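Visitor: Shown below is the structure under consideration.
The values are calculated or read from the model by the stated rules, or taken from the named source; none is laboratory data. Quantities reported herein were computed from a predicted structural model and do not represent experimental measurements. With ideal geometry, Cβ positions are generated from the backbone for all residues, glycine too; neighbour counts draw on all protein chains shown. For accessibility, only protein heavy atoms count, side chains too; no ligands or nucleic acids. Shrake-Rupley method; radii C 1.70, N 1.55, O 1.52, S 1.80 Å.
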Amino acid sequence: MHKIALIGAGRIGRIHAANVAAHPELQLAYVIDPVADSAKSAAASFGAKVADLDGALGDQDVSGVIVASSTDTHLDFSLRAAEAGKAIFCEKPIDLDLERAAAAAPRFQSFKARLFLAFNRRFDPNFRALKQKLDNGDVGALETLHITSHDPSPPPAGYIPVSGGLFKDMAIHDFDMARWMLGEEPSEVFAAGACLIDPEIGRLGDIDTAKTILRTPSGKLCVISNSRRSGYGYDQRIEAFGSHGALRAGNVTESTVEMWNEAGAQADQFQNFFLDRYAAAYRLEMAHFADMLVRGATARIGYADGVAALSLATAAHASMTKSAPISLG
């Protein structure tokens, strides 16, 4: 049984805590959070102890650390855990500053860090099945890719100043998916953004709607659509167009029941919350972290992937600001 320390007892931290508790090879040992009530509540729910970071990292029986704290702490806490010799499960993004994240890479290498960056969508069963068919050549060579990522509704205004902005907070998932699906690094980014949904988001200096085009050295194109409000549920789709056909992973509904009558066909509503839509992905990524700890598996998504996704997010923001394509060297 491998003991785990959780940093961050908020919404996503409690999801990871539940998945640790449910895994037969893992045990949640400590919860660290600056909000005492949150730490106590999570610890009590999952049979763990409240601790400070030094205490948890100093316990030689702790094998892994989950970093689910605020984004601006991800890099520092991951470095602390790496220095202590712990395996790391870190929420995305690794940091909000590209230069800082890139500069920290040698430190992780010097610690021989085992870091898994939790871009959970790579573990979604539907997206994994689509990727497998792409890799098998079922539709020939991939030519273009469409990624749709629209939230049901905007986040609270108070979240915007600490989020890092739409590209680093929301679209970064899609940049990682694009890299994974395309099979090569984009060489050019062209993005446009607007505030069409909530004027308060614009007043706080962010956008709520964006379209991004990625081009690879071989000429593949990827279009990413982001919106903070769909009006019809959590909209998560991928379409891949190849030389011999197309693949599509559609939205997940609350049930598979459909009704057909004279008015036409009616299906159930789309799932409306990301924790529901990606519940299986969260479980599977925790199982992967257990494989790293128990069987020495290599992280499927590592530090370099985090820096690469952050590089695309940074370039997208620069492209939007300049109204021009950005070349990536």
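Visitor: Rank GLY233, MET1, ALA171 by how far each Cα sits towards the positive end of the charge dipole of the chain (+1 on Lys, Arg Cβ; -1 on Asp, Glu Cβ) and give me just the farthest.
Guide: Farthest along the dipole direction, towards plus: MET1.
Visitor: Could you grab the relative contact order for the chain? Cα pairs under 8 Å, six or more apart, rounded to a whole percent.
Guide: On the way: 649 pairs, mean separation 64.0, N = 329.
Across the chain, relative contact order equals 19 percent.
Visitor: Just reorder VAL65, VAL294 by solvent-accessible area, largest first, 1.4 Å probe, all chains present.
Guide: Details: VAL65 0, VAL294 55 Å².
Result, largest first: VAL294, VAL65.
Visitor: Shifting gears a bit: At what distance in angstrom do the alpha carbon centres of region 225-283 and region 113-132 lie from each other?
Guide: 18
Visitor: I would also like to ask the following. Just reorder MET320, MET286, MET1 by solvent-accessible area, largest first, 1.4 Å probe, all chains present.
Guide: So, going from the largest accessible area down, we get MET1, MET320, MET286.
Visitor: How much net charge surrounds ARG300 when only the other residues with a Cβ under 10 Å from the Cβ of ARG300 are counted, with Lys and Arg +1 and Asp and Glu -1?
Guide: On the way: positive: ARG122; negative: GLU285, ASP291, ASP305.
Surrounding charge for ARG300 is -2.
Visitor: Please compute the modelled spin-label separation between HIS244 and GLU143, points set 7 Å along Cα→Cβ, answer in nm with one decimal.
Guide: Label at GLU143, label at HIS244, 1.5 nm between them.
Visitor: Among PHE274, GLY55, PRO152, flag the residue with its Cα farthest along the positive direction of the charge dipole of the chain, charges on Cβ as +1 for Lys/Arg and -1 for Asp/Glu.
Guide: GLY55
Visitor: Could you tell me the relative contact order of region 58-135? Use alpha-carbon pairs under 8 Å, at least six residues apart, and round to a whole percent.
Guide: On the way: 87 pairs, mean separation 22.1, N = 78.
With pairs under 8 Å counted, the relative contact order is 28 percent.
Visitor: Which net charge results for the neighbourhood of ALA249, defined as the other residues with beta-carbon distances under 15 angstrom from its beta-carbon, given Lys and Arg at +1 and Asp and Glu at -1?
Guide: On the way: positive: ARG121, ARG122, ARG128, LYS131, LYS133, ARG237, ARG248, ARG277; negative: ASP124, ASP135, ASP138, ASP174, ASP235, GLU239.
Surrounding charge for ALA249 is +2.
Visitor: Further question on the same structure: How large is the accessible surface per residue of region 208-329, computed with a 1.4 Å probe and reported in Å² as a whole number?
Guide: 50
Visitor: In the chain, what percent of the accessible surface is made up of carbon and sulfur (1.4 Å probe, ligands and nucleic acids excluded)?
Guide: Values: 7710 of 14800 Å².
Using a 1.4 Å probe with all protein chains present, the chain comes out at 52 percent carbon and sulfur.
Visitor: Below 11 angstrom from the Cβ of ALA104, what's the summed charge of the other residues (Lys, Arg +1; Asp, Glu -1)?
Guide: Details: positive: ARG100, ARG107; negative: ASP76, ASP95, ASP97, GLU99.
Value of the local net charge: -2.
Visitor: Which GluC sites (Glu not before Pro) in region 202-302 pass both tests, a DSSP loop state and at most 11 other beta-carbon atoms within 10 Å?
Guide: Details: sites: GLU239, GLU254, GLU258, GLU262, GLU285; in loops: GLU254, GLU262.
Hits after loop and neighbour filter: GLU262.
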